[in-house]
Amino acid sequence: MMTILIPLLPTPVLESPRLILRPLAPADGPALQRRFPRWEIVRHLNSRIPWPYPSDGAARFIALAEEEMARGEKHHWSIRLKDGPDELIGCIDLWPDDGKSRDMRGFWLDPEFQGRGLTTEAAGRVTDYAFTDLGWPHLWVSNAEANLASARIKEKQGARLVGFEPFRFVEGESRRMVWLIEREAWSARRAAPTSRPAG
């Protein structure tokens with residue numbers, strides 16, 4: 001599997017029908033600090049995330065994200081509603097394949113906005129950017145085995161389940177599901193005509 005180590009271009013603003021994805025910025029700090037530190041969000045995330053979440057957690061994370069974006073190592077976007085308050089309701093990240101981690105995208109969304117297909121929409125837009133604008137041949141993605149909602153998003157994108165790996169999450173040791181999305185399959189899926197019920 002080909003690794004992707006080229007520096008990334010500056011993080012662009014991306015849009016989808018209902019969302020605007022903007023590069024994460026210091027102004028997003030208060031909303032991130034208010035919305036992110038909830039057990040239902042962090043429990044299935046990497047154990048590197050401090051928990052309990054510190055009062056300066058958002059500011060420290062955004063400072064790190066800005067450094068990673070400036071070095072061309074990672075894209076960090078805030079997820080925002082076009083028809084809602086102009087503030088962050090979640091985040092989505094994208095980074096090149098290093099040939100080892102088998103993970104290239106991550107996301108979270110405030111539970112208040114879940115159940116409306118918004119995470120699927122954000123993930124689809126970022127996946128399209130990776131394949132269409134960056135020309136990447138594949139995306140490795142993963143989720144906690146217990147995170148069925150995240151697994152369903154992968155299934156909707158046509159990801160192929162490759163296997164399971166032991167992993168340490170905020171809630172403890174468990175397994176993660178590792179998926180592969182390939183550009184050719186993604187493009188074919190998007191080009192296929194949408195089936196409509198007869199009548």
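Quick notes on this one:
- Among residues of the range 113-127 that are over 18 Å from E40 (Cβ atoms), those with a Cβ under 6 angstrom from a residue that is in a loop (DSSP other than H, G, I, E, B), sequence gap 6+ or separate chain, pair up as E121/S16; R125/S16.
- Scope the range 42-57; condition β-branched (V, I, T) and outside any loop (DSSP other than H, G, I, E, B); matching residues: V42
- Members of the range 164-178 that are open to solvent by 50 Å² or more (accessible area, probe 1.4 Å) and in contact with a Leu (Cβ under 8 Å, 6 or more places away or on another chain): none
- Scanning the range 170-193 for residues that are among the aliphatic types (A, V, I, L, M) and at pLDDT 95 or above returns V170, M177, V178, L180, I181.
- For the range 180-197, the condition of being part of a loop (DSSP other than H, G, I, E, B) and among the hydroxyl-bearing types (S, T, Y) holds for at least one residue.
- Pairs meeting the criteria (first residue in the range 88-108 and in a loop (DSSP other than H, G, I, E, B), second residue buried (at least 19 other Cβ atoms within 10 Å of the Cβ) and small (G, A, S), beta carbons under 6 Å, at least 6 apart or on different chains) are L88/A31; L88/S78; D103/S142.
- Looking only at residues in the range 6-41 that are small (G, A, S) and not in a helix (DSSP H, G or I), the one that is nearest to the chain's Cα centre (by Cα) is S16.
- Residue pairs whose Cβ atoms lie under 9 Å apart, sitting 6 or more positions apart in sequence or on different chains, and linking a residue in the range 161-174 that is closer than 8 Å to S47 by Cβ and touching a residue at least 60 places away in the same chain (Cβ under 8 Å) to a partner that is open to solvent by less than 60 Å² (accessible area, probe 1.4 Å) and in a strand (DSSP E or B), are R168/N46; R168/S174; F169/N46; F169/A144; F169/R176; V170/N46.
- Residues in the range 72-107 that are farther than 16 Å from I153 by Cβ, open to solvent by 30 Å² or more (accessible area, probe 1.4 Å) and of a type in the set (A, V, I, L, M, F, W, C): W95 alone.
- Among residues of the range 60-71, those that are surrounded by fewer than 19 Cβ atoms within 10 Å (Cβ to Cβ), of a type outside the set (A, V, I, L, M) and part of a helix (DSSP H, G or I), counted: 4
- For the range 121-163, a residue qualifies if it is touching a helix residue (DSSP H, G or I) at 6+ places or on another chain (Cβ under 6 Å), in a helix (DSSP H, G or I) and surrounded by fewer than 16 Cβ atoms within 10 Å (Cβ to Cβ), and exactly one does: K156.
- Per the listing P12, P17, the residue uniquely in contact (Cβ under 8 Å) with a residue 40 or more places away in the chain and touching a Phe, Trp or Tyr at 6+ places or on another chain (Cβ under 8 Å) is P12.
- Of all residues in the range 164-175, exactly one satisfies the criterion of being closer than 19 Å to L109 by Cα and in a strand (DSSP E or B), namely F169.
The values are calculated or read from the model by the stated rules, or taken from the named source; none is laboratory data. What you are looking at is a predicted structure, and each value in this text was computed from that prediction instead of being measured. Glycine gets a Cβ as well: all are built from the backbone with ideal geometry, and neighbour counts include every protein chain shown. Accessible surface is based on the protein model in full, side chains and every heavy atom, while ligands, DNA and RNA are left aside. Shrake-Rupley method; radii C 1.70, N 1.55, O 1.52, S 1.80 Å.
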